[in-house]
1. Simple spin-label model, 7 Å along Cα-to-Cβ: A:Arg481 to A:Arg26 in nm?
2. In whole Å, what are the extents of the range A:452-512 along the principal axes defined by its C-alpha atoms, from largest to smallest?
3. Cα gyration tensor of chain A, axes a ≥ b ≥ c as square roots of the eigenvalues: rounded (a/c below 1.5), prolate (a/b > b/c) or oblate?
4. Straight-line reach from A:Lys236: which lysines fall under 19 Å, measuring Cα to Cα and dropping same-chain residues less than 8 apart?
5. Hey, can you grab everything whose amide H is under 5 Å from the amide H of A:Phe173? Only 5+ residues off in sequence or another chain; H modelled, so Pro and N-termini drop out.
6. P(r) of the range A:195-284 in 5 Å steps, Cα pairs, percent per bin?
7. Viscosity 1.567 mPa s, temperature 4 °C: what is the translational diffusion coefficient of the range A:409-474 from Stokes-Einstein with a Kirkwood Rh over Cα pairs, rounded to a whole number of µm²/s?
8. Mind checking which lysines have their Cα closer than 16 Å to the Cα of A:Lys426? Skip sequence neighbours fewer than 8 apart in that chain.
Amino acid sequence: MSKEDDPHGQEKSYGPLSAFRLAAARTIATVADLPEETVYGLLESPPRPDLGDFAFPCFSLAKTHRKAPPMIAASMVETLNASPFPELITAAQATGPYINISIDHDRFCRAILELVLAQGESYGNLETGKGKAVVIDYSSPNVAKPFGIGHLRSTVIGAALARIHRAAGYEVFGINHLGDWGTQFGKMMVACMRWGKPGENDPDPVKTMFNLYVRFHKEAESDPSLEDEGRAWFKKLEEGDPEAHKYWVLLSDIGRTEFSRIYDRLGIQFEHFTGESFYNDKLTEMVDLIKEKGLLETSQDAQIVNLEKWDMPPALVKKADDSSLYLTRDLAALLYRHRTFQFTKALYVVGMEQTLHFRQLFKVGELLGLDWVEGCEHIPFGLIRFKEGRMSTRHGKIIFLEEVLDRSVDLVQKIIDEKNPELENKEEVAHAIGIGAIVFNDLKHRRLKDVQFDWDEILNFDGKTGPYLQYSHARISSILRRSNETPTALPEKLQLDLPEEKDLVRRLATFSRVIQSAADESEPSYVSTYLLDLAEVFNRYYNLGGKNPANRVLCEDQEIRSSRLCLVLSVKTVLQKGLALLGVKAPEKM
RNA sequence: GCGCCCGUAGCUCAGUCGGAUAGAGCACGAGUUUCCUAAACUCGGGGUCACAGGUUCGAAUCCUGUCGGGCGUACCA
């Protein structure tokens, strides 16, 4: 219960809501005979908005008061009602074991909407990360393989985390730790030499590489000497063999070109595009350091760090043939990154199957006495699987990301032609929605869950999807266009009396907290879920106008109309901002 | 074998630092458009929160065990 020791910190994290929460806590504290901070920490949200804005559970008082919680609640509310409420508080009522506090609705709406209108797209931003640098290693595809749907996860989760951390005030360095080094490169060289490398005029060099990759692994099953040959060529590459280097340039260029095109489509930019090869000249220093600390051992001709004490298999630093491994390069990268960026946090957005690798990596860092390794964290995520089982590039069982994007955009194109054929810049919108649907689909579930690839589901644009959010945004844009006015300030008297309106404002108020927890837990889906809830309330609200024109935003009464315009503009701002955090565009029309 | 992750409606999931009647979407059935974009909205059926113990005033949530699925477990990344 040490959380309550820091009311200031909490005040910050509740954002614009904190003043009201504090007032509620103060109110309860007077009758509960508890410190204000304790009450502040215990406050909950009632399950239904009509019950009130803050709920105080009386269970914990049962022992000291020697009474049943509902009776405590009732008698405390009686006391509260006997004298006038403090500022910002309008009502207290006992419902079972809870005291529900209602806050000053007008002041609340005014405070929130004023803030959103004033801050615009920076609404929700925090300063918790101010002065801190965070390094995010994400996407990091293997150059020798095509970009499959499986790579989408690291890419979009990492990109979202980069934006979310920026919104939380951090300085972010996104790094694409391209897999452009390692044994698999030697294997690709062997494949090229045996079966022909992608030529200069190859229309689809990626496809050619993919075929070579699959063929190599198929033939290696019956001829294991291929593997040895691959390892030998990688060793040559590391030793600076010119022929090996030539192949390396050819292959990594093909990969880089392909990936750049995909990142463009996804709207992702990296601060650093430094692959594993970048650390080739930094490996010696790393190995020397390990040796210096007396951690290096020779085992079965390989150089290792023994991690038996920590119930882990040994960390392999050098292979028997003295060439480097994934871990060697990651250790070098770790050192380099801290030196270069002085990070407080370093996130590795890499699949869950590599958990052991990162445990070993961080443990070796710790053994080397690098105390800052504490700030390093593996951010794992679940696999994308077929219904029939695992995807495997080696066996050619893969779905290309570009195919998914293409099909999605095509389908959106068709839907637009059907629903809104007059739409200008159709292609641009189709791109925004088609890509957005795929990206959002990947970010709407909690990271750790395995996801099953299903064409029907990924190309479904109804319900809890990216297009649903974009559609809500477009609806608001349409209202604002028709209104012929852009609200810049709140009207004298803010009139938002529908329960849906209050609900919307309440949700707007929690946006910064959502960003905070998404950053703290590296969980972009918090933002997705939040946006879906917000849009759902908005759409319900919007549909009220279908039955009764007085409930429309663009209603007769000028004052109500202005109030509602401010509200929906705020909702639009948050939708747009939230989608932007996830890497999804929000078109004005669709 | 051991380690990590997951198990909530037919399907996909939210809810998980314990709290009020376990919520959505998809699919299925029935409705809503002379009126702010029907990619929307409303209503309906549908649940032993994998199972068994334990802690607690209170457990989908915490602990232990069992079962089921996934991943990993030295020269791949």
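The values are calculated or read from the model by the stated rules, or taken from the named source; none is laboratory data. Note that the structure is a prediction, hence the values are computed from the model and not measured. For neighbour counting, all protein chains shown are included, and Cβ atoms are generated from backbone atoms with ideal geometry for every residue, glycine included. The protein model used for the area step is the full one, side chains on, heavy atoms only, and it has no ligands, DNA or RNA in it. Shrake-Rupley method; radii C 1.70, N 1.55, O 1.52, S 1.80 Å.
1. Label at A:Arg481, label at A:Arg26, 4.7 nm between them.
2. 52, 27, 22
3. Working: a/c = 2.81, a/b = 1.61, b/c = 1.74.
Since a/c reaches 1.5 but b/c is at least a/b, the shape of chain A is classed as oblate.
4. Correct list for A:Lys236: A:Lys187, A:Lys197, A:Lys246, A:Lys282, A:Lys318, A:Lys319.
5. Sorted by chain and number, the residues that satisfy this are A:Val134, A:Val135, A:Ile136.
6. Per 5 Å bin, starting at zero, the Cα-Cα P(r) for the range A:195-284 comes out as 3, 10, 16, 20, 20, 17, 9, 4, 1 percent.
7. Working: Rh = 12.5 Å.
Translational diffusion coefficient: 104 µm²/s.
8. Excluding near neighbours in sequence, the set is A:Lys414, A:Lys585, A:Lys589.
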